[in-house]
Amino acid sequence: MRPIRALIALLSAALAGAPALAQPVTSPGPDSVSVAIYADPDRWVDTPINPAWLRGYALISEKRTITIPKGRAVIRFEGVAGGILPESAIVTGLPDGVREKNLDADLLSARSLYARSLGRPVTIRRTRGGRTVEERAIIRSGPDGAAVLETREGIVAVDCRGSEALIYDAVPAGLSAKPTLSVETEAAEARQVTVTLSYLAWGFDWQANYVATMRDGGRSADLFAWVTLANGDVTSFADAATMVVGGRVNREGGGAPVSGLDDGEPFEFQCLSHVEAREEQYAPMPEPAPMADSGERDAIAVTGMRMSLSASTPITVVREALGDLQLYRVPHRTTVAAQSQKQVALLNREAVPVDVIYRSYVSGNYVSPPELLLRAQNREARGLGLPLPRGKVAVFEPRGDTSLLIGEGSIGDKAVGEEVEVRVAQATQVHASKRLAVIGGRTDQALTVTNANPFPVRFEAGIVVNDGIKIGGASARLGRKDGRPLWAVQVPANGSVTLTYRTDPVRRR
Amino acid sequence: MRWLALTLVAIPCAAEAQTAVPAPDQTAQGEVAVTIYNNNLALVQDRRTLSLAIGRTRQEFADVSASIRPETVTLNGAGLTVVEQNFDYDLLTPEKLMEKAIGRTITLVRTDPGTKAETREEARVLANNNGTVVQIGNRIEVLDASRVRVIFPSLPPNLRARPTLSVTLEAESGGARPVTLNYLSTGLGWKADYVTLFDEAAGKIDVQGWVTLTNNSGTTFNNAQTLLVAGAVGDANSQRGYRPRPIPGNSPGTETVNREQLGDFYVYPIAARTTIANAQQKQVSFLDVSGAPAAKAYFYRNNWLGASAQALSADTVLRFSTSRDGGLGDALPAGTVRVYMRDARGAPQFIGENNIGHTPMGSRLALKTGEAFDVKVQPTVEKREALGKDKWRTTMTYRFTNARPNPVVVELAQSGLDNWWHDTRIESESLPSERTSADEALWKVTVPANGEVTLTVAFLTRY
């Protein structure tokens, strides 16, 4: 049978005036691979990475050794990421360049198998009363009207309840198990080449997670940070040079790849008659396979980081500037496994000077409840001085020989030299209140802060001044920050402080 | 060919099979030419040879695009007159099979659960309204198709496995002749993808342009002569939506490329015949330029009274030209420009992308690739003073910080100067500005390496 089929293929090719067929070459996998992961541009920093819904992406660069034949050849790259964006694929190293690149996403599925077998013979296997009978038939309906077949006896519909099954003779050509990237090249002579294949792929994400452990009575903190990276793809990248890229990268569209449309469409055999449909008894649905939950991943809880303080200091990533972005390189090759999460240390600094501040905003007669703030300067002289990628910050306070979580916040991307503020909690023992008295044409304001803690605290209030209003007669010297008058004061232990000032309309000239 | 195909599928099947089973992967398409536009539209020209008897005949055209727009079909051939064209999309389903059997005789096969013996009965379908009523001899029964097997004598006419185009033709003479079938189809489209490798130190880019065409029409076009038109035809009304304000440095060019043109559009033929498979995305190279000059810039646009308690990253912008002199020297069809830079080890890394529209040769382009980690702007509203009736002074400061080891120039645009009033003035400024439009003023601020600069501006407005 096969020679005849080949003959037909040749004949039809000749009839269609096709050029000589390109020889297929399959590259089963990369020799070496590097993975640079970019964070989901639309995920808020406070939203944790969801391993089941990764919307970041990665640039994957693979080196592959291929033996190309003389003449035209089609090189099929197997083992690329399932989330590949084929339009981003770059192939370099082919001696005579690339004629064309193709991503074939006509996938083998129940539906495509049926659709492609239209008008072709199949076998119906029928199980009735414990007996199995087979019968040859030809498919006569499309996938939206499955399944009407023609048998020796006449036209039949395949039983929609599952007592009958279709058996196909072969997989129609052009259907592949998963989307496959291929390139067409033409070589003057056969040779072995090393090509580099790079492409962007969806289904990755990463984030920095900082852990600050307070020390020296709140005057400094040990700062440790993890890079958490996740691969939601079906492909594993073994011994990969692994990087993450910090900063904001512009992306267009932002959708997942459009390929592989066919595999999602439902396909089932329809029933011949309503009575049948009403009486149908489906076998009970099998329990859904348990989702790979985080317990199966090699995730490490953030709170587990304290091991870094005790025994060995983990190896940290190495940073370099990449244009206006930051690139963090894992110093050793590592396996970025499919459907997994990995953590590598980002930084480890001891005794970083920090300020603990209670802050409120004052606007009109309203004063916001004080929030607890951790403030540091991203400077070498102040224990930091390195680009800090955006991420969550967990703050711990030592208690005996353990540490307890006292607050959680986040930071944006912070360049060297910037002030770093983390809002970690709402205060419970520090309160702010305001009184207001209108006397004549002027308004007297009084802002009082109370501290129930047995230690003094630093308090700051930014005063929002409306258009055309001037502040005068303040009982304390006011600073200025972000275009607003700022009252910064030390509140004594178990004490209170009051600021009085006047708000006057600016007189028009 | 036909007997070969029949031999291949020599199965114990009824000889009344209506058409020969096609050989695997055989197509009814003839010589196909596909012209693809940017807006999910393609013109398909299919030259087939038809063997026609003299007089009136009905011809079915298999393997036309599954996303055909049937109202656009035209058929041309010597000595042929089209009587009528039909597009039948009444699909064959099990339910319709029963419906069309009303009044006809079907065969019911029952299997005895004990003896496994099969008994056959003839039955007439009386009705099929939410349940099938049949007459077996003198009995009337409601058919329970889960207990009996139903065999229909034949396929009902006019039910199709898939939507089918058929044309009734009047031929002046018999015999084989070429006919040309023309139609529009959706599901085919293309765009350009540009791989741009930026060498910041040298101030140069290498650009490769790829045509990316996608086929989601549901049909494979075999050995098609393919032409790509850089334009979206027939959607003149769709370009009026919101567009973000451009970054300064974009301007359309006035040069003509030595490429084939079709009216207002450039056309890009694909050199050899190619097969455009269904669900395929195909890329063909059309541009390869190395060493074109390019420069990086920083840009920040502040809205009226925009202020932030934190410094905000400036946009990183890549500027280059498509001019013949000092540029890419080609017109660029609409698509996505992806920018790469080499990391410390020399491997290219992705630094961002942006979309471009159809860009004539000689244009200047300024594309945002991302936001700078180390170059930031913090705008602050310092004061709002009432100077009199409808007269206000607004003092703004803009603090520029640069954590990079080299000086940078940041372009700051203050917009909203012409929102509701028309006599906004800059009363004083610590650095000179350029009024780029009634609504915007632009400052070019040099920020020293690892340093900062503050710009102070006082605006006079009516509010």
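Just so you know, all these numbers are worked out from the coordinates, no wet-lab data involved. Given the structure is predicted, the values throughout are model-derived calculations rather than measurements. Every residue, glycine among them, receives a Cβ derived from its backbone with ideal geometry; neighbour counts consider all protein chains shown.
Can you give me the Rg/Rh ratio for segment B:273-415, using Cα atoms for both radii and the Kirkwood formula for Rh?
Reported Rg/Rh, Kirkwood definition of Rh: 1.12.
With the contact rule set at Cα under 8 Å and sequence spacing of 6 or more, what percent relative contact order holds for chain B?
14 percent
Taking the Cβ-Cβ separation of A:Glu397 and A:Thr132 as r and a Förster radius of 60 Å, what is the calculated FRET efficiency to the nearest 0.05?
It comes to 0.25.
Subtract the Cα-Cα distance of A:Thr92 and A:Thr500 from 0.36 nm times their separation in residues, and report this length gain in nm to one decimal.
Length gained, A:Thr92 through A:Thr500: 139.8 nm.
Tell me the relative contact order for segment B:372-461 as a rounded percent, counting alpha carbon contacts under 8 Å between residues six or more apart.
After rounding, I find 37 percent.
For A:Gly29, what is the net charge nearby, where nearby means another residue's Cβ is under 10 Å from its Cβ and Lys, Arg count +1, Asp, Glu -1?
Around A:Gly29, the charge tally is -2.
In segment B:353-393, which trypsin sites (Lys or Arg not before Pro) fall in coil by DSSP and have 13 or fewer other Cβ atoms within 10 Å?
B:Lys389
So how far apart, in nm, are the two label points at B:Ile54 and A:Val193 if each is 7 Å from Cα heading toward Cβ?
Here the answer is 6.0 nm between the modelled labels.
Return the average number of partner chain Cβ atoms within 10 angstrom of each residue Cβ along peptide A:239-246.
1
Per residue of B:138-147, what is the mean number of Cβ atoms on other protein chains within 10 angstrom of that residue's Cβ?
Averaged over the peptide's residues, the number is 4.
For segment A:430-505, what's the relative contact order in percent, using C-alpha pairs closer than 8 Å and at least 6 residues apart?
Reported relative contact order: 40 percent.
Provide the FRET efficiency to the nearest 0.05 for the B:Asp199-A:Ala381 pair, computing r from the beta carbons and using R0 = 45 Å.
The value I calculate is 0.80.
Enter the mean projected area of the convex hull around the alpha-carbon atoms of segment B:94-151, in nm², rounded to one decimal.
Projected area, direction-averaged: 4.0 nm².
What is the list of residues in segment A:199-232 whose amide nitrogen lies under 20 Å from a point 7 angstrom out from the Cα of A:Asp42, following Cα to Cβ?
Counting backbone N atoms under 20 Å from the label point, the list is A:200-207, A:230-232.
With the crude spin-label approximation of a point 7 Å out along Cα→Cβ, what separation in nm comes out for B:Phe87 versus A:Thr335?
Going from the B:Phe87 label point to the A:Thr335 one covers 5.4 nm.
With label points built 7 Å along Cα→Cβ from the Cα atoms of B:Leu460 and B:Asn130, find their separation and express it in nm.
Distance between the two pseudo-spin positions: 8.1 nm.
I want the antiparallel fraction of DSSP beta bridges within chain B, as a percent rounded to 5.
Given both bridge residues lie in chain B, the antiparallel proportion sits at roughly 90 percent.
Give me the net charge of A:Tyr328's neighbourhood, meaning all other residues with Cβ under 10 Å from the Cβ of A:Tyr328; Lys, Arg count +1, Asp, Glu -1.
With Lys, Arg at +1 and Asp, Glu at -1, the neighbours total +1.
What is the sum of charges, Lys and Arg at +1 and Asp and Glu at -1, for the other residues whose Cβ falls under 12 Å from the Cβ of B:Ser308?
+1
Kindly rank A:213-226, B:248-261 from highest to lowest mean number of other beta carbons found within 10 Å of each residue.
Per-residue Cβ counts within 10 Å, averaged per peptide and sorted highest first, yield A:213-226, B:248-261.
Quantify how strongly other chains surround peptide A:411-420 by giving the mean number of their Cβ atoms within 10 Å of each of its Cβ atoms.
Mean partner-chain Cβ count within 10 Å for A:411-420: 5.
Using a Förster radius of 35 Å, what is the FRET efficiency between B:Arg259 and B:Ala295 based on their Cβ-Cβ separation? Nearest 0.05, please.
With a Förster radius of 35 Å, E is 0.80.
Consider a paramagnetic label point 7 Å from the Cα of A:Ala351 along Cα→Cβ; state which residues of segment A:385-426 have an amide N under 18 Å from it.
Residues passing the 18 Å test: A:385, A:398.
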